[in-house]
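The values are calculated or read from the model by the stated rules, or taken from the named source; none is laboratory data. What you are looking at is a predicted structure, and each value in this text was computed from that prediction instead of being measured. Note: ideal-geometry Cβ built from the backbone for every residue, glycine included; neighbour counts use all protein chains shown.
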Ligand SMILES: [Zn+2]
């Protein structure tokens, strides 16, 4: 499963710190002094929330993705999670493929048929 850190990577958000709670360049107001905080874990539980102490933007990884990708409407979070899942799976699949490249040729789901 992915978390807000993966969403930050997907969206190309620049990190200022690392860890379970990290500061980033605010994608909403552009603050670079660490006012925007992404939190993966809070009190031992997954949080996946963000809050900017400068512009006040806050929410979770779905609102973050939906807002930055311009997804709107009543189904925005549903759309966001579907898209996120797809993109994260693809990123994970690419990673796995790289690390286990020589294991087997099991690239299903892509619908690619190497018949010539
Ligand atoms: Zn901000």
- Message: Among (1) part of a loop (DSSP other than H, G, I, E, B); (2) under 14 Å from the mean Cα position of the chain (by Cα); (3) more than 14 Å from the ligand (Cβ to nearest atom); (4) over 21 Å from residue 95 (Cβ atoms), there is one condition residue 71 misses while meeting the rest; what is its number?
- Response: (2)
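Check 59, 73, 19 and return the single one that is touching a strand residue (DSSP E or B) at 6+ places or on another chain (Cβ under 9 Å) and exposed (fewer than 13 other Cβ atoms within 10 Å of the Cβ). Write out each step before concluding.
Details: 59 fails: exposed (fewer than 13 other Cβ atoms within 10 Å of the Cβ); 73 fails: touching a strand residue (DSSP E or B) at 6+ places or on another chain (Cβ under 9 Å).
Of the residues listed, the single one that is touching a strand residue (DSSP E or B) at 6+ places or on another chain (Cβ under 9 Å) and exposed (fewer than 13 other Cβ atoms within 10 Å of the Cβ) is 19.
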- Item | Within segment 42-51, tally of residues that are surrounded by fewer than 19 Cβ atoms within 10 Å (Cβ to Cβ) and modelled with pLDDT of 95 or more | 3
- How do the pairs read when you match residues in segment 54-66 that are on the phi > 0 side of the Ramachandran plot with residues anywhere that are outside any helix (DSSP H, G or I) and surrounded by 19 or more Cβ atoms within 10 Å (Cβ to Cβ), using Cβ under 7 Å and keeping only pairs 6 or more apart or on different chains? 59/50
